[in-house]
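Structure first, then comments.
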Amino acid sequence: GSLHIVYFDDLLRSEIEGYTSVQFLSLTILVISAGINILGYALLVSLYKHCVKTIFNREIPETLLGCLPSFGVHLAMLRPLEACWRYTTARFRVLPDVIILGEVRCGTTTLCQHLSSLPGFKPPFCLWKHPELDKKETFYFVGHYLGMVDPFHYRMCFPLQITKWFHRAVLKRPFFTFDGCAQYLTSPTAPHLIAKAYRDAGQPPPILIACVRDPVDQAISWWNYENNAIQWGSSMGLHKWNTALRSTSYPPHSISEAIDFSKSDSVESAFRSAGELFDRSKPESRFILPPWAMSWPSGQLASIGRNGRFASNIRRYESVFGNFFSKKDTRTEASEKVPLSSTLNFVNVIPLSFLGDTSELVKALDSIVRQATQRNSVDPCHFKMSDYMSVCSVHRNASRKSKKTDLKDQERLKRLFKSDTNELENLCGMSFGWKTSPDLINNI
């Protein structure tokens, strides 16, 4: 009888210990889960405040009830936990092979869709779950990640190194990555930060692509696009403008006002100051983009009259990358570049018209693939023509119908961009036939 009692006590004790272990494990998992959720919501709230103030250029609603509509939209669209995971694993990730710098409303979304449809091209992580942005652009160097623009952590937006190795070494398949943030070309800070990311990593510069179109059409399209975004912000209950950050002149109420605003002393000074924030000649500093410099200095509509200066913006990238790298660092033969870019060392130029011309589009895509292959020092990728043709019907993010633009605004835009268009055509060795092309504007 005593043996049975001893056996029962031992059995009961082991069951209690086992139950305690399970209970402890369950409690640990619960605490970790709660901690992750708290972290996620804390970051979500911070991102919400940041985006409302610097991206939508509004003030946070004064009441909790007033915040609910806009917070609900951000809750559905933002990815705070994935951003945290990627940030902590950034050192194990790759940098993109191709960066489409912009310009906004110049076909960057369509070109990115073409690239992501090709075998081996992997899209980037986007903080926003939005159909026009997701799997296309990171927004990293324009400050969407709470202003953090540290070049080292740029790789957080791209796949793990082991994923690249697995595709190439095991699956024997091509593997390339890209970023298509259309706001980089006009950004005065992005060139320094992008160049530093690759130089510090000991890598050759990426394939840089500038999509261009008639600057008059670009300015009008961007004006309409941003005004739709303004209406979207208002529909969330964001009615009060952040005048402390953007001034009482923002937003301008017409294209003419927008041009005047972009040429004002305050905006000119803001762009100059932003361009000096991360200049290579200055001592190393914290890589935090100040609110006044996001996404562009003085706000998105301050770019009307600046986005269309394609030659000037391209020249800035050529100059900055020329200071960080030598020409041989590109690992790209001039014959492999997009034909219009033979005179440039780092930037490839693709007009919007190429995206609607099957022959020109295939040539541009083939050039990008060849350059990406050379950059990685791997065997050339020989895609079939069908690989290219299967994506040639893609057309994304087209402009919505809008009111006709005042003819006086169009004439003013023509004059504004005339000299820059002339410089761009000289760089590319051809006339684009735009409204601002010198041979079409002499009668003004």
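The values are calculated or read from the model by the stated rules, or taken from the named source; none is laboratory data. Because the structure is predicted, anything quoted here is derived from the model rather than measured. Here Cβ is always computed from backbone atoms with ideal geometry, including for glycine, and neighbour counts include all displayed protein chains. Each accessible area value is taken on the protein alone, full model and side chains, heavy atoms only, with ligands, DNA and RNA left out. Shrake-Rupley method; radii C 1.70, N 1.55, O 1.52, S 1.80 Å.
At a glance:
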item	result
So residue 297, is it touching a Phe, Trp or Tyr at 6+ places or on another chain (Cβ under 9 Å) and touching a residue at least 40 places away in the same chain (Cβ under 8 Å)	yes
Of all residues in the range 406-433 being assigned to a helix (DSSP H, G or I) and among the hydrophobic types (A, V, I, L, M, F, W, C), the one that is farthest from residue 340 (Cα to Cα)	407
Selected residue [touching a helix residue (DSSP H, G or I) at 6+ places or on another chain (Cβ under 7 Å) and open to solvent by 40 Å² or more (accessible area, probe 1.4 Å)] from 273, 266, 235, 249	249
Subset of the range 405-415 (residues that are touching a helix residue (DSSP H, G or I) at 6+ places or on another chain (Cβ under 7 Å) and open to solvent by 50 Å² or more (accessible area, probe 1.4 Å))	412
Residue in the range 70-87 that is modelled with pLDDT of 95 or more, more than 26 Å from residue 231 (Cβ to Cβ) and touching a strand residue (DSSP E or B) at 6+ places or on another chain (Cβ under 8 Å) present	yes
Residue pairs meeting the criteria (Cβ under 6 Å; at least 6 apart or on separate chains; first more than 16 Å from residue 307 (Cβ to Cβ), in the range 410-422; second surrounded by fewer than 19 Cβ atoms within 10 Å (Cβ to Cβ) and of a type outside the set (D, E, K, R))	422/438
Selection count where residues are surrounded by fewer than 13 Cβ atoms within 10 Å (Cβ to Cβ) and of a type in the set (D, E, K, R), scope the range 29-82	1
Verdict on residue 182 being among the small types (Gly, Ala, Ser) and either crowded, with 24+ Cβ neighbours inside 10 Å or part of a loop (DSSP other than H, G, I, E, B) (or both)	yes
Pairs where the first residue, in the range 69-86, is farther than 23 Å from residue 237 by Cα and the second is among the hydroxyl-bearing types (Ser, Thr, Tyr) and open to solvent by less than 60 Å² (accessible area, probe 1.4 Å), C-beta under 7 Å, 6+ apart	83/145
Residue match in the range 194-216 (condition: open to solvent by 10 Å² or more (accessible area, probe 1.4 Å), out of contact with any Asp or Glu (no Cβ under 6 Å at 6 or more places or on another chain) and over 20 Å from residue 95 (Cα atoms))	yes
Residue match in the range 246-253 (condition: within 19 Å of residue 58 (Cα to Cα), modelled with pLDDT under 95 and of a type in the set (Lys, Arg))	yes
Single condition residue 318 does not satisfy, out of (1) over 30 Å from residue 227 (Cα atoms); (2) in contact with a helix residue (DSSP H, G or I) (Cβ under 8 Å, 6 or more places away or on another chain); (3) modelled with pLDDT of 90 or more; (4) assigned to a helix (DSSP H, G or I)	(2)
Residues located in the range 241-258, provided they are assigned to a helix (DSSP H, G or I), more than 20 Å from residue 51 (Cα to Cα) and among the small types (Gly, Ala, Ser)	256, 258
Evaluation of residue 178 against (1) within 14 Å of residue 96 (Cβ to Cβ); (2) modelled with pLDDT under 95; (3) within 15 Å of the chain's Cα centre (by Cα) (one fails), failing number	(2)
Subset tally (residues that are without any contact (Cβ under 8 Å) to a residue 24 or more places away in the chain and open to solvent by less than 40 Å² (accessible area, probe 1.4 Å)) for the range 156-168	0
Among the candidates 293, 258, residue that is in contact with a Leu (Cβ under 8 Å, 6 or more places away or on another chain), of a type in the set (Gly, Ala, Ser) and either exposed (fewer than 14 other Cβ atoms within 10 Å of the Cβ) or farther than 24 Å from residue 405 by Cα (or both)	293
Looking only at the range 93-145, and only at residues there that are in contact with a Lys or Arg (Cβ under 6 Å, 6 or more places away or on another chain) and not in a loop (DSSP other than H, G, I, E, B), the one that is surrounded by the most Cβ atoms within 10 Å (Cβ to Cβ)	112
Filter result (of a type in the set (A, V, I, L, M) and more than 26 Å from the chain's Cα centre (by Cα)) within the range 162-175	169, 170, 171
